[in-house]
1. Under 9 Å between Cβ atoms, which residue pairs at least 6 apart in sequence (or on different chains) link something in segment 118-142 that is among the aromatic types (F, W, Y) with a partner that is surrounded by 23 or more Cβ atoms within 10 Å (Cβ to Cβ) and not in a helix (DSSP H, G or I)?
2. Take the residues in segment 32-72 that are surrounded by fewer than 19 Cβ atoms within 10 Å (Cβ to Cβ) and polar (S, T, N, Q), then tell me which one is nearest to K224 (Cα to Cα).
3. Which one of the conditions (1) under 29 Å from N79 (Cβ atoms); (2) at pLDDT 95 or above does I153 fail to meet, given that it meets all the rest?
4. Considering segment 156-170 alone, what residues qualify as being out of contact with any helix residue (DSSP H, G or I) (no Cβ under 8 Å at 6 or more places or on another chain) and surrounded by 22 or more Cβ atoms within 10 Å (Cβ to Cβ)?
5. Please work out which one of (1) modelled with pLDDT of 90 or more; (2) under 24 Å from V288 (Cα atoms); (3) in contact with a helix residue (DSSP H, G or I) (Cβ under 6 Å, 6 or more places away or on another chain) is the condition T99 fails and give its number.
6. Just to verify a result, which residue in segment 34-52, among those that are modelled with pLDDT of 85 or more and in a helix (DSSP H, G or I), is farthest from A177 (Cα to Cα)?
7. Kindly provide the set of residues from segment 264-297 that are among the small types (G, A, S) and either at positive phi or not in a helix (DSSP H, G or I) (or both), ordered by number.
8. Please go through (1) surrounded by fewer than 15 Cβ atoms within 10 Å (Cβ to Cβ); (2) assigned to a loop (DSSP other than H, G, I, E, B) for L5 and return the number of the only condition it doesn't satisfy.
Amino acid sequence: MNDYLLSLILGIVEGLTEFLPVSSTAHLRISEVLLHISLGDAYWKMYTIVIQLGAILCLPVYFRERIAKFLSTFPTGENGDRTALTHPLSLTLIAFVITAIPAFLMTKIIGKHLESLTIMGSSLVVGGIIMWMVDARNAPSEAAGPSAPPGRIHTWKMEAMSLGQAIWIGACQILSAVFPGTSRSMSTIAAGQLAGMSRASALEFSFFLSIPTMVAATGYDLLKSVMGKGQNPIGVAQIDAHGWIVLAIGFVVSFIVAYASVAWFMAWVRKHGFVPFAIYRLIVGTLVLIFLARAGT
């Protein structure tokens, strides 16, 4: 297959799945197998990092007004009821640190799991079941809305989050790092819902948390690649004009598709639940495990 077309396809896959609770890592890995991309190739390893950065960078653009508002109201918040420790920006950084430290310490374990389709397929299935159960549990409160008597949901906006909720979500996000296929988005959304957050507030916090989390993770991996460190390193000097064009296509396509995906997902969640994504995870995960069983791997 032409490398430009290949880059276009992978850019679309990354953009569509990075922020949906279906695991972009699993979908890229499955795509690489179906498209016969060599996982041992240093260039394509770096390519996946670059297109992830393209997807991530859509978030500061999409949420630019929210970010500006949070910055202007730090540390007391819009209603004057926040502190330097409980402001939404602070809670985002706290959750990031809770995730980042254990994930960094378990780098070798995480690296061993990143190419395992068995772990990804199993994580898709288990994550789908959890997402379905949690969303169904909160559905009556979602339908009743914030004006109803207190139910399972007591946090309807990200501005009203507590320190405990942020710590809990950061801890749960570690699962997505250790078990690829779990989905960072799924783990943070489900964790937020279990902690009493609405679908919309849990989703928005998931988006905000992904900015420092994914920039740090992909930036670190990219630095190792271009500096010639780690497994299968590739230096910038080794990339020719063709390689740069392939990277650029994937980066731009991933950014555009991810931006559209975030806009659509935010609108969807306000009216619908996460059950369709849970069903999708169950189907894809089951197909992956069936494929592996028949292949004898």
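1. W132/F274
2. Filtering first and then ranking leaves S38.
3. Of everything listed in (1) under 29 Å from N79 (Cβ atoms); (2) at pLDDT 95 or above, I153 misses just condition (2).
4. None - no residue of segment 156-170 is out of contact with any helix residue (DSSP H, G or I) (no Cβ under 8 Å at 6 or more places or on another chain) and surrounded by 22 or more Cβ atoms within 10 Å (Cβ to Cβ), so the list stays empty.
5. Only one criterion in (1) modelled with pLDDT of 90 or more; (2) under 24 Å from V288 (Cα atoms); (3) in contact with a helix residue (DSSP H, G or I) (Cβ under 6 Å, 6 or more places away or on another chain) is unmet by T99, namely (2).
6. Step one: of segment 34-52, the residues modelled with pLDDT of 85 or more are 34-35, 47-52.
Now drop any that are not in a helix (DSSP H, G or I), which leaves 34, 47-52.
Details: L34: 24, Y47: 20, T48: 16, I49: 15, V50: 18, I51: 18, Q52: 15 Å.
So the residue we want is L34.
7. Kept after step one, since they are among the small types (G, A, S), are these residues of segment 264-297: 267, 273, 278, 285, 293, 295-296.
Selection gives G273, G296.
8. (2)
The values are calculated or read from the model by the stated rules, or taken from the named source; none is laboratory data. A quick note: this is a predicted structure, and the numbers were derived from the prediction, not measured. We place every Cβ from the backbone using ideal geometry, glycine too, and count neighbours over all the protein chains shown.
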